[in-house]
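Encoded as structure tokens, the structure appears first; notes follow it.
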Amino acid sequence: QVQLVESGGGLVQPGGSLRLSCAASRSIFSIYYMGWYRQAPGKQRELVATLTNSGSTNYADSVKGRFTISRDNAKNTVYLQMSSLKPEDTAVYYCSARVTATTGYYWGQGTQVTVSS
């Protein structure tokens, strides 16, 4: 089992940057998969970026070239660096983890990101 706590959200102007953090309650070194998802009002939750324990990454087309997912195993933390933010990036951002390829998803409580002038 793993608890996840997101932080780093807030209000930012279009074109700005934010870095989200996801702190895990246990070592993430061997966790199979960690990712970031987001959910905008009235929309379904969607994948933003994922990172496996082998280092493979995957990004939604809408964020490629603007967002970067990374991990710091020493701090048991996964990050989402977001740049060139757009109003359509406004959403609640959730951290997710799968301990193995066959286990279910753990979720954090979410952090609000609002991109507005």
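The values are calculated or read from the model by the stated rules, or taken from the named source; none is laboratory data. For clarity, every value in this text was computed on a predicted model and none was experimentally measured. All Cβ positions, glycine included, derive from the backbone under ideal geometry; neighbour counts span all protein chains shown. Heads up: the accessible areas ignore ligands, DNA and RNA and are worked out on the full protein's heavy atoms, side chains in. Shrake-Rupley method; radii C 1.70, N 1.55, O 1.52, S 1.80 Å.
Summary table
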{"item": "Estimated vicinal HN-Hα couplings, Hz - the stretch 75-92 in sequence order (Karplus 6.51, -1.76, 1.60; Gly, Pro = x)", "result": "9, 6, 9, 10, 10, 10, 8, 10, 10, 6, 5, 10, x, 6, 7, 4, 4, 8"}
{"item": "Burial order of peptide ranges 89-95, 22-28 (average beta-carbon count within 10 Å, highest first)", "result": "89-95, 22-28"}
{"item": "Whole-Hz ³J(HN,Hα) from phi, Karplus 6.51 cos²θ - 1.76 cosθ + 1.60, for the stretch 58-74, glycine and proline x", "result": "8, 10, 5, 4, 5, 10, 4, x, 10, 10, 9, 9, 8, 9, 10, 4, 5"}
{"item": "Accessible carbon and sulfur surface of the stretch 1-70 relative to its total accessible area, %, 1.4 Å", "result": "47 percent"}
{"item": "Residue-normalised accessible area of the chain, given per residue in Å² at a 1.4 Å probe", "result": "51 Å²"}
{"item": "Spatial separation of Cα centroids for the stretch 91-117 and the stretch 43-83, in angstrom", "result": "10 Å"}
{"item": "Within the chain: Cβ-based charge dipole about Cα centre, in debye rounded to nearest 20 (Lys, Arg +1; Asp, Glu -1)", "result": "120 debye"}
{"item": "30 Å Cα-Cα reach of residue 43 towards lysines, excluding residues that sit fewer than 8 places from it in its own chain", "result": "64, 86"}
{"item": "Highest-fluctuation residue, 14, 87, 41 considered, GNM on the chain with Cα pairs under 10 Å", "result": "41"}
{"item": "Solvent-accessible surface (1.4 angstrom probe) belonging to residue 61, in square angstrom, nearest 10", "result": "120 Å²"}
